[in-house]
Each structure stands twice: as structure tokens, then as C-alpha cells.
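What follows draws every value from the coordinates through simple rules; no lab data is involved. A quick note: this is a predicted structure, and the numbers were derived from the prediction, not measured. In this analysis, Cβ positions are derived from the backbone assuming ideal geometry, glycine residues included, and neighbour counts consider all displayed protein chains.
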Amino acid sequence: MSQKIFIKTFGCQMNEYDSNRIYDTVKKIGFNKTNNYEDANCFLLNTCHIRDKAKEKVYHEIGRVKKLFRSKKKPLVIVAGCVAQAENEEMLKREPFIDLVIGPQSYHKINNTILNHIRKKKKIEETEFDAISKFEYLSKIDNNTKKVSSFLTIQEGCDKFCHFCVVPYTRGPEYSRPFKQILDEAKYLIDNGVKEIILLGQNVNAYNNEGFKLSDLILEIEKFSSVERIRYTTSHPKDMTDDLIEVYKNSKKLMPLVHLPVQSGSDKILNLMNRKHSIKEYLNTFDKLIKINSNIKFSSDFIIGYPGEEKQDFENTLELIKKIRFINSYSFIFSPRPGTVAADLKLTEKKISMERLEEIQNLLFENQININKSLENNTINVLVENLTDNKTQVFGRSEYMTSVIFDGKKEDIGKILPVRIKQSNRSTLFGESTINSNKRVA
Ligand code: SAM
Ligand code: SF4
Ligand code: F3S
């Protein structure tokens, strides 16, 4: 069987990892990837349920595919990811154009599900939580991502039940993959040219497999001589334990950017959100990290206008941002999610939330602009990931994940090069490689 699959991915890095692994899997039954909608005879939408009208967006997307194929043979349509998990068989009932609905912990069944559907023409829904089987199955299939910087999921699901969040319902209970299974996958990636590994989990620093923790994994992975950089995301402040903080003392490979979502600067709101820590505890973690390694910078996620957020609570958030000077943070207005504790709480007035969002983003963006500006005329180390779209320059990232564009060449991909920054804007640094320019002068 030779088929062409088009995978469209929404949501977080864990969905990106899953989409790559789904592709590694369906290749075994004859599917090749296409980046062209029109060529495909199979569409897979890997969906996200975290905010807004996630469900409606999926139906809208399916509507587009339907239109496109009005006068052609109907493609196989698969909905995967967190909306699939949340909506399950309802999706098959509401939209007959959908053939298969597969939740995030059923991807080990995807080949059989597709083949069954092709044989029996039956609509199928698979939404059991079975993380053990998923990763056991995937560990037997090579991870062929082969990007300079690759994701590696080490932990899935969440037991924290923050009152605003759907993840515990869409990804199930917390599960940590076996230590050796992860090291084998890391080794395979590194042997195949990967230079940066980004360890993933909805609660990555809660990783615990038979006593092995995230700190143990980082220390083991950095022993592979050809891996250059290690990162992890997303962490919960409560799980930022001393053993993990200690790794920042001596590690040359763990990057000095800590993404530590705080959501709000107000203890009252953190309590209402069921975040299980106070601002004092958050600041204590911040102090410990800075003390152990003064190069560390922080980024965060913020939820604005959570039910009960008053002016003073919002001002506390602004205060915290001024204190920590976060870089690259994400901020969104609270979006009530079906099935969560906060789903039916009285909303903050929309106009107020919008004004607060604008204010917080102005402050966050101002920090980013100033930090990037301060790098102009300095030389920083950049891991080169690929050529830019017009192929005349290269794209890479600084140690703090900031995008850098400079005058490199194809052979630079996968190398860490010193780059002198000439210009910057909020999201990108522009420079030239000092190695290249020295050569040119010589
Ligand atoms: N596990 C991480 C943590 O504890 O911070 C967060 C993972 S969640 C997938 C990513 C971000 O989405 C959260 O940090 C939060 O800011 C945002 N988010 C989650 N639910 C939301 C909601 N109902 N409305 C707005 N933003 C939300
Ligand atoms: Fe969601 Fe993160 Fe809270 Fe878990 S810890 S419920 S993933 S916000
Ligand atoms: Fe979205 Fe699911 Fe990730 S809800 S953010 S795709 S865990």
C-alpha cells in the first residue's frame, strides 16, 4: 500500500513529538509524508484542547478539507490529540467526514486501527489511557526526526489538577517512561546527528521512574560526547527540587534558561487555581537557582483575568515580572475549559482582561526588547539548526532559545558558532559569525 499522509499539528511540543512518532509508525504500513494538502489521501489532525474554541477549530479545519475534496475521492480523516481524547465518539457522530478518532495514549494502535478501517470500512474510536503500551511500542520503532534539535518525551499526563487546566483529563495520570528506554532513544537520536535534546513532559520535573529523577536523566544524557545542549520543558514550580537545581552548578550542557510557569503573582489567585505553591516559595527557587548559576534566566506562562483576579492581584503579577525580568514568556486570558473546576466560575469582565493582557504583554515585550538590545555588539554561541527560507542565511538559537539569523552556510548546520550580534528586535537577533568574518579578512 502506498499512501500520502498530511499531518497538521496544533498545541504544545508534546503534540509535535507525537506527530513525528506517528509518522515513524505509519511509515511501516506504507504511508509517506506530504507537505501538500492537495496530494494527501490521508489527513491527520493532531489537536489541542488547552484554550478557546478548540473543538470548533477542529470542525472548521475538517470543513476546509471537505471543501477541498468535494470533487475528489474522500481521503482518510483521522483526529488525534487532546480534542480527540476529550470528545471521543461524539466527533464521529457530529462529523461523518471523520473516520478515526485516536487519543494521545493510543498511538501504538494507530496502524491496526487504520488497517481495520480500510478492511471493514468501520468508524473507530480509540481513547483509552495506556501510556505504558504507547511508549513500549514506540521504543521499538526508530525515532527518525533527525533534526539538530529534537524533542524526547520522558513523561506524560498530570496529577496536579490545576483548576483551569484540561491536561489531566486529556493526557491522563502522570506516567514516567523507564529510564533505560529514554536513554536508548536519546542515544539513537545523538548517534544520528542530533545535537540538542529537549526533554518533554506536561510535568517534566515530576519525572520519577523507580527512583530515577530528571536530574539523573540529564546527568546521564550529557555523558554522550556528541550531544551539545540539553533542555527540558514544562516544569511545575513545586517540583523544582534541590537535586535538579544542583545540576545547574557544574553542567556545561544543561542550558541556563529555566521555563517555570507561575501563572499569577498573587498568592490568592495561585490558591484559587490550586497551584500548590506560594510566591514566596517561587522566589525562593529563583534565588537558589541564581545563586548556583548567575547566568540563569527565566521564562514563564501567565493566565490573565482568572476568576476572582482583582486589580491588586494583577499588580502583584506586574511586580513579579519586574523583579524576575522574564524572557520569552507566554500570556493568555483565562479560557474556561469544560470539565475543569474553573469551568463555571464567574468570569472577569472581558474588557478588563483585555486591558490587563495588553499591559502585561507590553511589560514582557519591553523586557525582551531590552535584553536583546543589550546583546548587540556582543558575541554569543549559536547552535545552527537550518538554512533560512530564502537559503541565503542560517537560523539558530542562543543558549536562551532566542532565534538568531546570520550569514552562515549549509555546512554550519549542527555546529555551535560564535556570532557577533549586530541588530535585534523583540524576537530575533541578527548577526555575523566571527569565524566566517575572520576567514574572510584573512
Ligand atoms: N504543566 C505546566 C504548568 O504547570 O505550568 C503547564 C502546561 S499547559 C499545557 C501550558 C500553559 O497553558 C499553562 O502554563 C497555562 O498558562 C496555559 N493554560 C492552561 N489552561 C489554560 C486556560 N484554561 N486558560 C488560559 N490558559 C491556560
Ligand atoms: Fe495543567 Fe500544568 Fe497544572 Fe498539570 S500542572 S494541571 S499540566 S497547568
Ligand atoms: Fe494542548 Fe494537549 Fe498539549 S491540550 S497544550 S496538546 S497536552
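Taking region 210-264, which trypsin sites (Lys or Arg not before Pro) meet the DSSP loop condition and have no more than 13 other C-beta atoms within 10 Å?
Details: sites: K213, K223, R229, R231, K238, K249, K252, K253; in loops: K223, K252, K253.
The qualifying sites are K223, K252.
What is the fewest-to-most order of H60, H49, H163, H259 by other Cβ atoms lying within 10 Å of their Cβ?
Values: H60 10, H49 26, H163 17, H259 20.
Ascending number of Cβ neighbours within 10 Å: H60, H163, H259, H49.
How much space per residue, in cubic angstrom, does the convex hull of the C-alpha atoms of region 319-442 take up?
Values: hull volume 19.2 nm³, N = 124.
Normalising the Cα hull of region 319-442 by residue number yields 155 Å³.
Among the GluC sites (Glu not before Pro) in region 336-382, which ones are in a DSSP loop with at most 12 other Cβ atoms within 10 Å of the Cβ? Mind listing them? Could the numbers behind the result be given before it?
Working: sites: E349, E355, E358, E359, E366, E376; in loops: E349, E376.
Counting only loop positions with at most 12 other Cβ atoms within 10 Å, the GluC sites (Glu not before Pro) in region 336-382 are E349.
So who's got an amide H within less than 5 Å of the one on V258, skipping anything under 5 residues away but keeping other chains? H placed 1.01 Å off N, in plane.
K297, F298, S299
Applying the Karplus parametrisation 6.51 cos²θ - 1.76 cosθ + 1.60 with θ = phi - 60° to the phi angles of region 171-178, what ³J(HN,Hα) value in whole Hz is obtained for each residue in order, glycine and proline being reported as x?
Working through the residues one at a time gives 10, x, x, 4, 9, 10, 5, x Hz.
With +1 assigned to the C-beta of every Lys and Arg and -1 to the C-beta of every Asp and Glu, and no other charges, what is the dipole magnitude of the chain about the Cα centre in debye, to the nearest 20? Don't jump to the answer; show the numbers that get you there.
Details: 70 positive and 58 negative charges, 311 e Å.
Charge dipole of the chain: 1500 debye, to the nearest 20.
So what does log10 I(q)/I(0) come out to for region 134-373 at q = 0.11, 0.16, 0.17 Å⁻¹, using the Debye formula with one equal point on every Cα and no solvent?
-0.62, -1.20, -1.30
How large is the charge dipole for region 134-373, taken about the Cα centre, if only the Cβ atoms of Lys, Arg (+1) and Asp, Glu (-1) carry charge, to the nearest 20 debye?
Values: 35 positive and 33 negative charges, 85 e Å.
Dipole of region 134-373, to the nearest 20 debye: 400 debye.
Using R₀ = 56 Å, calculate the FRET efficiency as 1/(1 + (r/R₀)^6) where r is the Cβ-Cβ separation of E61 and N250; round to 0.05. Numbers along the way, then the final one.
Numbers: r = 47 Å, r/R0 = 0.84.
With R0 = 56 Å, the Cβ-Cβ based efficiency is 0.75.
Under the Karplus relation 6.51 cos²θ - 1.76 cosθ + 1.60, θ = phi - 60°, what is the ordered set of whole-Hz ³J(HN,Hα) values for region 399-405, x standing for Gly and Pro?
Whole-Hz 3J(HN,Hα) from phi for region 399-405: 4, 9, 6, 6, 5, 10, 10.
Separation between the S278 and N377 pseudo-spin-labels, each 7 Å from Cα along Cα→Cβ, expressed in nm?
Here the modelled spin labels are 4.5 nm apart.
If you place +1 on the Cβ of every Lys and Arg, -1 on the Cβ of every Asp and Glu, and leave all else neutral, what size is the dipole of region 93-179 about its Cα centre, to the nearest 20 Debye?
Taking the Cα centre of region 93-179 as origin, the dipole is about 420 debye.
State the Cα centre-to-centre distance between region 312-356 and region 175-194 in whole Å.
Between the Cα centre of region 312-356 and that of region 175-194, the gap is 37 Å.
So who's got an amide H within less than 5 Å of the one on K4, skipping anything under 5 residues away but keeping other chains? H placed 1.01 Å off N, in plane.
N32, N41, C42
For region 379-433, take the convex hull of the Cα atoms, compute a quarter of its surface area, and give me that in nm², please.
Values: hull surface 12.9 nm².
Result: 3.2 nm².
Over the chain, what portion of Cα pair distances is larger than 38 Å, expressed as a whole percent? All intermediate terms of the calculation are to be shown ahead of the outcome.
Working: 25680 of 97461 pairs.
Cα-Cα pairs in the chain separated by more than 38 Å: 26 percent.
Provide, for q = 0.12 Å⁻¹, the log10 of I(q)/I(0) from a solvent-free Debye sum over equal Cα point scatterers in region 3-128.
Scattering profile of region 3-128, log10 relative to I(0): -0.38.
With a cut-off of 8 Å between alpha carbons and a minimum separation of six or more residues, what is the relative contact order of region 3-128 in percent?
Values: 200 pairs, mean separation 29.3, N = 126.
Worked out over region 3-128, it gives 23 percent.
Based on alpha-carbon centroids, what's the gap between region 70-84 and region 264-283 in Å, whole number please?
Each part's Cα centre sits 41 Å from the other's.
At 7 Å along Cα-to-Cβ for each site, give me the label-to-label distance between N425 and T388 in nm.
Calculated label separation equals 1.1 nm.
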